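Down below is the structure, laid out as structure tokens.
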């Protein structure tokens, strides 16, 4: 698309139900895999992990997670809020340049089903206009509530002048819970420098770009040809953050098209992680785990390598096609150019997560439908039947006719743009 296109800034390519099949969240996979190295690196990794308990900042009415010997969260759904921060500390200034404040550059709700058979990831656009509640800030004062503020401002408000990660995360969690009705059980804050270290630790991320991607020189030096590329850590962070230039939506200068590129990258990174089979490769896993844990601040329930081990093993057999990304349905704000507002249909997504329901059309959802139909079609047991066999002939309707499927089997997902 030409640079002078008059297309709306927040147009997204059309996709069925705006749900992308077969996509895994690389950050979640890395965090989960870290638990499998407990026996090798427990003491070392524990010393590298920064734990922020934000529950005391959110009040007494918080969801509780009952421990289990293996998976500490067995049978319970998890709602993990993943926040990528654009904090301009000394390290991050080398990447993104100088800037004021500390916002959440990327925010995702990661819903892990109670039976560990599916994961849904919902990206929240940073440019969303939302109501931000009063929060305790890093300066120890209570902020005033703000109507129709930009979503990523919640992180900055909570951080305060002291740039406190715990209060920043707490304010973002409070905002998300107020907007969606979802109770966040855990959180992760990922720093930009951490992305570089993690990507380099896995040896880079192969991507096949559908077109050349060139950032406007005024904003950065990203310049990738169409076709196969292997992104190292620094190139990856530039690819994830770029908003101006040509290729893969840069022309629109939109946060929503940037989300699409981020998800394409996460898909490719996840496939590379699974391809390397890091769970059984202890030496390589060790370096990846160190990079992950040194790069994040997290809640106490995710701050234990042994707890991560249980969660990792509970997810190890998940079907890749049951890990999905969901885009929020949004529209361009009429009153605030360059900003977006959520459509009423977003409520359906939040209700699905609250009820721990599947994303329609995924293998796990279809399996549930098939099982429910089979139960419905099964012959009812006559009253007084003690289970003894008789010589009465069986009804052909109940013995020879298989259960009728209500939905066609899903077709093989098409790889997202950017995945080799």
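The values are calculated or read from the model by the stated rules, or taken from the named source; none is laboratory data. This is a predicted model, so every value here is computed, not measured. FYI the Cβ positions are ideal-geometry reconstructions off the backbone, even for glycines, and counts take in every protein chain you see.
Restricting attention to region 89-99, does a residue exist that is at pLDDT below 75, assigned to a loop (DSSP other than H, G, I, E, B) and within 16 Å of residue 295 (Cβ to Cβ)?
yes
Has region 47-64 got any residue that is over 30 Å from residue 178 (Cα atoms) and either at pLDDT 90 or above or buried (at least 21 other Cβ atoms within 10 Å of the Cβ) (or both)?
no
Can you name the residue in region 144-173 that is under 21 Å from residue 340 (Cα atoms) and in contact with a helix residue (DSSP H, G or I) (Cβ under 6 Å, 6 or more places away or on another chain) and is also surrounded by the fewest Cβ atoms within 10 Å (Cβ to Cβ) among such residues?
Ranking the qualifying residues of region 144-173, first place goes to 157.
Under the condition of being in contact with a strand residue (DSSP E or B) (Cβ under 7 Å, 6 or more places away or on another chain) and part of a helix (DSSP H, G or I), which residue from region 284-303 is modelled with the highest pLDDT?
Among residues in region 284-303 that are in contact with a strand residue (DSSP E or B) (Cβ under 7 Å, 6 or more places away or on another chain) and part of a helix (DSSP H, G or I), the one modelled with the highest pLDDT is 300.
I'd like to check something: does region 237-253 contain any residue that is farther than 25 Å from residue 326 by Cα and touching a helix residue (DSSP H, G or I) at 6+ places or on another chain (Cβ under 8 Å)?
yes
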